[in-house]
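Structure first, commentary second.
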Amino acid sequence: MSNSVILFSSANQTGNTYRLVTQVLEKLPSERVRFIEIDKLTFSDYNYDNNYPQDDFYTIAQTLDWADNIIFASPVYWHGVTSNMKRLIDRMTELTENLSVKPIGKGLKNKRGFVLTTSAQNHPCEIFAGFFERLFHYFDIKHTGLVHAPCTNGFKVDPDEVAHLLAQLQAPHIKHNGMQRTEI
């Protein structure tokens, strides 16, 4: 069984994106998942000097290190993620530069990346989806899935998509020749 972290951000903390996240959280064993509400945390913006106070980013980084699956959950706002989600992703650059956390950044290689999102459109925004494709490529995370709930006429999500996502999340992550791979 794999460990999962859900990084959640939304201007509406109990809105449609939260409803989608809840459908996933309810089906995963609590000891195997960590739910992080990044809007409630305090962390500095990325800076080129890599000079940061001890803030909540390091807790997130440790959780990224623990997880086999990294799930970003954000509604689509103007073709992108929430501002706090963007701040977190920008700050993740520190994982490639700061020697004290660089091993965590290198450890993201071959982890599985997922996206949970909602919008007022019938399909996920290509710009939004492309942003995560590039993010996962940058960190060498395997882009494993995106579940989108269209909310034009209320909250709707395909139960088969959620079931498929859950199967991927629960698949064991096995070390192979020093690299992680998924065995389904």
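The values are calculated or read from the model by the stated rules, or taken from the named source; none is laboratory data. Remember, it's a predicted structure, so these values are computed and weren't measured experimentally. When we count neighbours, we look across all protein chains shown, and the Cβ atoms used for this are built from the backbone with ideal geometry, even at glycine. For the accessible areas, the whole protein counts, side chains as well, though only heavy atoms, and no ligand, DNA or RNA atoms are used. Shrake-Rupley method; radii C 1.70, N 1.55, O 1.52, S 1.80 Å.
Okay, here's what the table says:
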| item | result |
| --- | --- |
| Within region 52-85, chymotrypsin sites (Phe, Trp or Tyr not before Pro) in DSSP loop having at most 11 other beta-carbon neighbours inside 10 Å | Trp78 |
| Distance between modelled label sites at Trp66 and Trp78, nm, 7 Å Cα→Cβ extension | 3.5 |
| Region 75-184: translational diffusion in µm²/s, Stokes-Einstein, Kirkwood Rh over Cα pairs, 37 °C, 0.692 mPa s | 212 |
| Solvent exposure of region 45-146 as accessible area per residue, Å², 1.4 Å probe | 50 |
| Tail fraction, Cα-Cα pairs, region 7-145, threshold 21 Å, whole percent | 41 |
| DSSP-defined beta bridges in the chain - what % are antiparallel, rounded to 5 | 15 |
| Cα→Cβ-extended label distance, 7 Å offset, between Thr93 and Gln168, nm | 2.8 |
| Percentage of interatomic Cα-Cα distances in region 124-175 larger than 13 Å | 68 |
| Burial ranking of peptide ranges 112-124, 91-103 (average Cβ count within 10 Å, highest at the top) | 112-124, 91-103 |
| Apportionment of accessible area to carbon and sulfur, the chain, percent (1.4 Å) | 50 |
